[in-house]
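The values are calculated or read from the model by the stated rules, or taken from the named source; none is laboratory data. Just so you know, these numbers come straight off a predicted model, no measurement behind them. Heads up, the Cβs are rebuilt from the backbone with ideal geometry, glycines too, and the neighbour counts pull from every protein chain shown. Surface areas here come from the heavy atoms of the whole protein model, side chains and all, with no ligands, DNA or RNA. Shrake-Rupley method; radii C 1.70, N 1.55, O 1.52, S 1.80 Å.
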Amino acid sequence: SAVISQKPSRDICQRGTSLTIQCQVDSQVTMMFWYRQQPGQSLTLIATANQGSEATYESGFVIDKFPISRPNLTFSTLTVSNMSPEDSSIYLCSVVGGNRNIQYFGAGTRLSVL
Amino acid sequence: DQQVKQNSPSLSVQEGRISILNCDYTNSMFDYFLWYKKYPAEGPTFLISISSIKDKNEDGRFTVFLNKSAKHLSLHIVPSQPGDSAVYFCAAGGATNKLIFGTGTLLAVQP
């Protein structure tokens, strides 16, 4: 399985500001995903991070709110823009491993918005 | 529309006994199913998976059973250990590699 590093591990932010979360993988991977886990809820897919092209967003998520970059096959960023308390969640990146059906996750970024 | 459901939010089991975690799904197009374990402040850790063409997959203490006609899968942990205490998520995927997660079951294994 790939080793996935996420930064920051946690942050407390003010309403109206933006936070960029980084995801670094120790090997080249084709597919990377960003998920959100709101308090007490399940993991919800935000978008698929595509290398060299715009991310593919799921219903309910838009690029203006969650811009994503994927400059190469080992790195991606997710920005949470113009934050509100409703954005308080754990944000996780994942990658598809050698077995295309298995996703491996980073430790997550715990975000609190005041 | 919750495509993957875990109807038991929590489960308590004695150490050494069997833990059975259940998961139901509605979309018959799912190709494969996975179970993840999650500790607080950590990301989900992959446990075991099963393809839709199989009805059982075993890996050590963990066995996953799939009943396609009932759209139901279960994870059996035998014997249960205190270190197994965590939140368990089932997930389902298809051709796009996107995963749909259940709501999770908190397993507590009592010493």
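Taking the criterion of being under 11 Å from A:Leu73 (Cβ atoms), within 11 Å of chain B (Cβ to nearest Cβ) and either in contact with a Leu (Cβ under 8 Å, 6 or more places away or on another chain) or modelled with pLDDT under 90 (or both), the residues of segment A:29-55 that qualify are A:Thr30, A:Met31. Exactly one residue among A:Ile21, A:Ile102, A:Ile4 is aliphatic (A, V, I, L, M), touching a Pro at 6+ places or on another chain (Cβ under 8 Å) and within 14 Å of another protein chain (Cβ to nearest Cβ), and that residue is A:Ile21.
Give me a count of the residues in segment B:33-51 that are in a strand (DSSP E or B) and either within 12 Å of the chain's Cα centre (by Cα) or surrounded by 21 or more Cβ atoms within 10 Å (Cβ to Cβ) (or both). Qualifying residue count, segment B:33-51: 12.
When segment B:52-69 is limited to residues that are of a type in the set (S, T, N, Q) and farther than 24 Å from B:Arg17 by Cβ, the one that is least open to solvent (accessible area, probe 1.4 Å) turns out to be B:Ser52. Total residues in segment B:67-94 satisfying the condition of being part of a loop (DSSP other than H, G, I, E, B) and at the interface with another protein chain (Cβ under 10 Å from one of its Cβ atoms): the figure is 1. With respect to the stated conditions, A:Thr48 is over 18 Å from A:Pro8 (Cβ atoms), of a type in the set (S, T, N, Q) and surrounded by 18 or more Cβ atoms within 10 Å (Cβ to Cβ).
In segment A:63-89, the residues that are among the basic types (Lys, Arg) form Cβ pairs under 9 Å with partners that are modelled with pLDDT under 95, at six or more places apart or across chains, as follows: A:Arg70/A:Met32; A:Arg70/A:Ala49; A:Arg70/A:Asn50; A:Arg70/A:Gln51; A:Arg70/A:Gly52; A:Arg70/A:Ser53; A:Arg70/A:Ala55. Counting residues in segment B:52-66 that are part of a strand (DSSP E or B), facing chain A (nearest Cβ under 10 Å) and in contact with a strand residue (DSSP E or B) (Cβ under 7 Å, 6 or more places away or on another chain) gives zero.
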